[in-house]
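Remarks on the structure that follows.
Please treat every number below as a calculation from the coordinates, not as lab data. Everything numeric here is computed off the predicted structure, so don't read it as measured data. As a convention, Cβ positions derive from the backbone with ideal geometry for all residues, glycine included, and neighbour counts pool all protein chains shown.
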Amino acid sequence: MEKFSLQVEKREKAGKGAARSLRREGRTPGILYRAGQASSIHLSAKELAQFINVTAGEQVLVHLEFGDGAKQSIVKDYQLDPMTNQVLHIDFQEISATEEIKINVKLVTIGEPIGVKRDGGMLQHGIREIEIACLPDKITGHIKVDVAPLLVGQSIHVSDLNPGEGIRILTDGHEMIASVIAVREEVAAEAPAETAEPEVLKKGKKPEEAAPKQ
């Protein structure tokens, strides 16, 4: 498991004005949560951006380095500017090395199914992440799911996963992760042949049927 370190400082001022001032100085405001309490922090926007890019949203263990020591944490959430993609705010959760935590982990499918490569089927994806429980040193960024053996009509469910020792899967085992389905070729129906429109008879009597003149 990869471990990352970020240099952080305690934040004395709160509010939108203080947050904007920090961002102008190249800092990103954040919060560190622990046992129902919250501490305001800030850190280098550049360093944080690099961290976000490298981890690509995967859950990893982060050492927050304060001047008087370090705290283990995980990222709980962060807010991005929709225009610039800049991280506006980030939330960390402090964790204990001896306490089990619950986190969501990405599922990454690998390989090309036999049912797709040989039989022309189509790979269909189900859920793309699961919830697990483990000690901090067992945190994994993602779980690989090998879909290469799948034939048409076969699927992989959460119950088929083996995440490794010390990791408990909390997601329902019946949830589908991937399956290979048959692709039916739909033949376009032939357009019906055009038929001649029936001749429309004019209303009224034919000339020969007209009443004789008196």
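One table, with the values for the structure above:
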read-out	value
Options (i) 1, 6, 11, 12, 11, 10, 8, 7, 6, 4, 3, 3, 2, 2, 2, 2, 2, 2, 2, 2, 1, 1, 1, 0, 0, 0; (ii) 1, 7, 13, 15, 15, 14, 11, 9, 7, 5, 3, 1, 0, 0; (iii) 1, 8, 17, 21, 23, 17, 10, 3, 0 - which one matches P(r) over Cα pairs in 5 Å bins from 0, in percent as calculated here	(i)
With Cα atoms, 0 to 90° folded angle of helix 45-55 axis to the chain main axis	60 degrees
For the chain: relative contact order, % (alpha-carbon pairs under 8 angstrom, 6 or more apart)	16 percent
Ellipticity estimate at 222 nm from DSSP helix runs (n ≥ 4, -39,500 (n - 2.57)) divided over the chain, nearest 500	-3000 deg cm²/dmol
Summed residue charge, Cβ within 9 Å of residue 171's Cβ, Lys/Arg positive, Asp/Glu negative	-4
Listed residue pairs exceeding 18 Å between alpha carbons, taken from 106/138; 46/71; 3/76; 10/102; 106/144	46/71; 10/102
Protection proxy ranking, peptides 108-121, 162-175, average beta carbon neighbours within 10 Å, highest first	108-121, 162-175
Charge dipole (debye, nearest 20) of the chain; +1 at Cβ of Lys and Arg, -1 at Cβ of Asp and Glu	980 debye
Descending Cα extents along the principal axes, segment 3-95, whole Å	31, 30, 23
Distant-in-sequence amide H partners of residue 80 (H built 1.01 Å from N, under 5 Å)	88
